[in-house]
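For reference, the structure discussed in these notes is given below.
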Amino acid sequence: MSKKSKTITGILIILVFLTIGFMSFMDSKIEYVNFDEAKNRMRTVEVKGQWVKGKESKFDAVTNTFSFYMVDDFNREMKVVLDGAKPNNFDVAEAVVAKGKMKDGYFHAKDVLTKCPSKYEADGKEVKMSGS
Amino acid sequence: MIGKVLIHIFFITAVLSCVSFFLTHLGKEKFLKFGRLFYHITAVGILSTAAYLMYLILTHQFQFAYIWEQSSTDLQLPLLMSTFYSGQEGSFMLWTTMTAIIGIFLLNYVSKGDRLEPQVMSVFTLIIAFLGFILILKSPFLYVWEKFAGDVEYGYIPAEGRGLNPLLQNFWIVIHPPTLFVGFSSLAAPFCFAIGTLMKNRYDDWIKFSMPWLLFSGMILGLGIMMGGYWAYGVLGWGGYWAWDPVENSSFIPWLIIVAAIHTMIAQKRTGGYKKTNLMLCITSYLLVLYSTFLTRSGILGDSSVHSFVDPGYEVYLSLIVFISLFTLISIFAIVYRYRNLKALTAGTNKMLTRESTLFIGSITLCAAALVILAGTSWPIFSKGSIDADFYNKMNLPIAILIALINGISLLLKWKQDDEKRFFKSLIFPLTLAFIVTIGLVIIGVQDFLIALFALASLFTFFVNAELAVNAFRKKNSSIGAYIAHLGLALVFLGIIASSKYSKEENLSLELNKPVDAFGYRLTYMGATPFEDPNNKTDIKYHFNVRVEKDNKELVLQPVMYYSEYSKGLMKNPDIANFATKDFYLAPMGLVEPEIFSEDEMHELKKGEERKIGELTVQFSDFDFGNIQQGGKEIQSGNYSIGALLKVKDSKFIENLEPKIKYTDGTAEYMVAKISGNDQYSFYFVKMSVQGEDLGGPTATIAIVNKKNISQKPRTDETLVLTASIKPFINVLWTGTGILVLGFFLSILKRRKELKK
């Protein structure tokens with residue numbers, strides 16, 4: 001290939017990829033929102049917040065969903081129904097991130113991530129307790 | 001003390017070694033022996049530091065904060081040793097150690113013949129110095145009273161360590177991280193060769209002697225990545241081997257780049273072209289290693305990954321940024337400095353249908369894949385949000401099809417120029433076979449067009465390489481390594497198609513001793529049995545025994561679930577029956593214990609509602625929150641009690657009752673209430689629901705247990721809930737990986753042999 005045609009081939013390939021890439025990128029983008037904003041979005045979003053431990057949370061073996069209540073960072077409470085079982089580390093999670101969409105008055109999550117930094121970052125009090 | 005002193009020593013000697021090698025590069029030859037000497041001292045220093053840390057771990061010296069955090073006395077030797085690198089500080093130590101060991105081989109290698117020793121080693125020792133600097137900031141040798149100053153008094157020695165995260169407690173942590181870190185560390189070598197060659201301003205011979213190093217990195221990093229995949233699949237129960245998680249991605253990106261570099265380097269060797277491309281690719285791959293370290297260690301992706309990221313502290317964050325920026329600046333400076341010389345380099349040949357052109361296009365395609373993954377993985381840094389994992393699948397499918405096609409075509413073409421007729425003739429055999437098999441696949445169910453195309457492309461390259469490999473084997477041709485690696489890749493592609501696109505999955509509820517049919521198997525949950533894990537004496541683990549029957553053959557699968565004290569949560573491990581053509585995969589989801597109250601005992605009442613239940617009339621007037629605020633702190637923490645105010649009527653009496661629920665850490669306890677002088681009915685408050693008026697308003701669920709009915713109540717047994725799946729031909733994927741690695745290995749042997757000539 002001559003230098004020129006090589007450059008053109010290269011640029012063409014890159015352009016095609018950039019276009020396809022950009023389009024599917026915009027398609028797959030997931031925003032962080034609160035529950036109020038989630039109501040106005042048709043697409044998948046992520047909501048960060050806390051699990052309301054005092055309210056009912058249960059696994060439904062028939063529909064294979066786990067439902068719980070969650071408050072977002074703006075203190076708005078919402079019922080969350082997760083496809084699947086209770087996530088790992090859910091009980092100690094300091095914060096949870098639910099990924100999904102609003103549906104019929106509740107948040108239908110495809111995935112729930114749990115964040116528990118405290119588990120990995122110990123504090124001094126724990127040092128004193130170990131081995132006792 | 002000893003540890004910190006050792007780190008400071010090897011940091012200083014690394015700097016001295018770097019300076020000596022650089023002076024040698026500037027023409028002061030007598031400094032060469034100092035450079036070598038200081039490097040050897042540095043390497044001995046690093047290995048001693050590592051040995052010392054290992055000694056402290058094996059002897060359970062919990063006064064060191066890192067060891068206290070990661071280790072405990074009940075771990076068996078292999079897992080105990082793996083706590084060396086299970087935490088942040090230790091993994092930096094592992095990285096440094098692996099880099100030092102690779103440096104010993106590299107120094108020995110470049111000191112033989114004219115292999116840019118001063119240039120390569122001055123860059124390499126700078127990397128080591130930087131790793132040492134990070135270890136000074138993030139030392140694994142901090143005492144508990146230093147790390148937790150204020151809470152822990154000077155000289156305090158904890159009796160026991162906190163232990164290893166149960167998620168990490170399995171065989172794979174023993175070999176996966178070290179393998180991956182050998183891969184990461186070894187990528188420093190191509191980077192140093194590229195920068196060294198720019199320093200020396202000599203662009204031809206470096207590709208010959210750096211080739212074995214690139215192949216080594218490609219082999220080890222590839223192996224490490226797939227081990228991680230197997231870990232996720234076989235033990236962690238992610239269901240698949242690849243989740244496009246940032247941590248997985250960030251080790252995959254440099255691998256793609258280095259594989260691209262291997263191919264354009266072969267083209268440069270044959271034709272003299274692509275000199276600039278090769279420099280850029282070798283440089284980029286290591287910068288991407290640094291970038292990926294930054295992504296996964298800085299805590300910056302904290303919200304978008306299932307891997308746990310901990311903010312390492314401001315100094316480390318900053319020094320990682322300095323680390324990346326400095327090496328990026330060095331690279332840019334070196335390129336700008338040599339810009340004129342680089343521009344004057346000759347280009348390749350002119351024909352489109354030649355092997356070098358297709359190799360180049362193939363490399364671009366690999367880089368496109370890297371770019372796609374890089375963009376998706378980095379997205380959370382620039383915006384409030386993340387990228388759906390499906391993005392990677394959608395984007396990489398066409399890329400993978402191209403890669404497979406280009407690979408097959410490229411190997412059928414000749415260098416420099418080719419006769420088109422001969423080329424098209426050589427296409428006939430592999431293409432025909434690939435078409436026949438693909439048609440067969442379409443008939444048995446591969447209906448998706450792109451997937452069928454992917455299968456066709458993969459089969460095409462499979463047959464091309466199979467033919468070439470057989471010929472090479474007959475002629476004892478040393479190029480066989482490349483064909484074998486590509487055969488492996490084709491198998492990996494086919495394995496991916498079968499196992500991901502055509503896996504079947506079903507959620508099942510298995511009541512104790514009641515068989516359920518799924519995918520032609522009869523599954524029976526036979527109860528749970530506790531077992532002892534020698535590495536974990538705190539928790540009681542359970543095997544959930546599931547009998548799997550088909551055609552009079554049976555086997556028992558034992559997925560595991562247990563409550564982990566460390567994680568304060570339920571841990572689950574799948575179990576897999578491995579057959580030749582498929583895996584039968586059981587991932588436990590949970591165990592549903594029998595309900596305390598049966599359906600007909602429970603009644604959901606709206607606030608104010610009155611309902612006739614049997615011979616009683618029950619009215620629910622209001623909740624009794626006592627003095628807690630609705631939605632207040634107590635409710636969120638899960639420690640509170642509330643009551644339901646009931647008015648119970650019969651033909652003879654009216655009475656106000658208040659059954660209560662008491663929550664302790666979110667676990668409910670039901671306080672009974674009874675009608676005075678009447679033992680027949682027990683009232684329980686089961687749950688409250690405080691939905692808004694639009695959903696029907698707040699309700700209370702009350703259970704009324706009639707003593708007379710208790711004995712007749714049908715009880716359900718405990719039910720195991722799991723996801724059963726069939727992963728067809730996943731063995732093809734693992735076999736392909738093994739063959740790919742073998743191909744890399746044979747290629748290394750070939751390139752080493754060439755050097756000796």
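Descriptive notes on the structure:
- Segment B:GLU29-B:LEU427, extension gain: residue separation times 0.36 nm, minus the distance between their alpha carbons: 137.7 nm
- Alpha-carbon centroids, region B:178-208 and region B:384-402: separation in whole Å: 30
- Panel order for B:SER298, B:SER325, by other beta carbons found within 10 Å of each beta carbon, from fewest to most: B:SER325, B:SER298.
- Surface/4 estimate of mean projected area, convex hull on alpha-carbon atoms of region A:1-76, nm²: 9.1
- With the simple spin-label model, which puts each label point 7 Å out from Cα in the Cβ direction, the B:ILE444 to B:VAL5 separation comes to 6.8 nm.
- Among the listed pairs A:LYS86/B:LYS707; A:LYS79/B:LYS674; A:LYS55/B:LYS612; A:LYS86/B:LYS708, those beyond 30 Å (Cα-Cα): A:LYS86/B:LYS707; A:LYS79/B:LYS674; A:LYS86/B:LYS708
- Gyration tensor (alpha-carbon) shape descriptor, region B:314-370, a/c threshold 1.5: oblate
- Sorting B:LYS208, B:LYS112, B:LYS572 from the fewest to the most surrounding beta carbons within 10 angstrom yields B:LYS112, B:LYS208, B:LYS572.
- When each of A:ASP36, A:ASP91 is scored by the number of other beta-carbon atoms lying within 10 Å, the sequence from fewest to most is A:ASP36, A:ASP91.
- For the residues of A:24-37, the average number of beta carbons from a partner chain within 10 Å of their own beta carbon is 5.
- Phi angles of region B:554-568 translate, via the Karplus equation with coefficients 6.51, -1.76, 1.60 and θ = phi - 60°, into HN-Hα couplings of 9, 8, 10, 9, 10, x, 10, 9, 7, 8, 9, 5, 5, 8, 6 Hz per residue; Gly and Pro are given as x.
- With R₀ set to 41 Å, the beta-carbon distance separating A:LYS101 from B:GLN558 gives a calculated FRET efficiency near 0.65.
- Sequentially through region B:484-491, phi angles give Karplus couplings (6.51, -1.76, 1.60; θ = phi - 60°) of 5, 4, 5, 4, x, 4, 4, 5 Hz, Gly and Pro residues having no value and appearing as x.
- Distance from the Cα centroid of region B:252-290 to that of region B:489-544 is 42 Å (rounded to whole angstrom).
- Sequence-distant residues sharing a close amide H with B:SER479 (under 5 Å, placed H): none
- Computed over the protein assembly as shown, the range of Cα coordinates on each principal axis works out to 108, 73, 53 Å, biggest value leading.
- In Hz, Karplus ³J(HN,Hα) per residue of region B:26-32 (6.51, -1.76, 1.60; θ = phi - 60°; x = Gly, Pro): 6, x, 8, 3, 5, 7, 4
- With R₀ fixed at 35 Å, the C-beta to C-beta distance from B:GLU153 to B:TYR314 puts the FRET efficiency at about 0.85.
- Estimated inter-spin distance, B:ALA452 and B:ARG340, nm [label 7 Å along Cα→Cβ]: 6.0
- Amide H to amide H distances under 5 Å link B:GLY569 with B:SER564, where only residues 5 or more positions off or on other chains count and H is placed in the peptide plane.
- Nonlocal amide H pairs with B:ASP583, under 5 Å, H built at 1.01 Å: B:LYS727, B:PHE729, B:ILE730
- On the basis of the beta-carbon distance and an R0 of 45 Å, B:GLN76 and B:ASP419 show a calculated FRET efficiency of 0.10.
- Note on B:ARG752 and B:PHE333: the extension gain reaches 147.7 nm, defined as 0.36 nm multiplied by sequence separation minus the Cα-Cα distance.
Where a number appears in this text, it was derived from the coordinates with a stated rule and is not lab data. Quick caveat: nothing in here was measured; it's all calculated off a predicted structure. Reconstructed Cβ throughout: ideal geometry from the backbone, glycine too, with neighbour counts over all protein chains shown.
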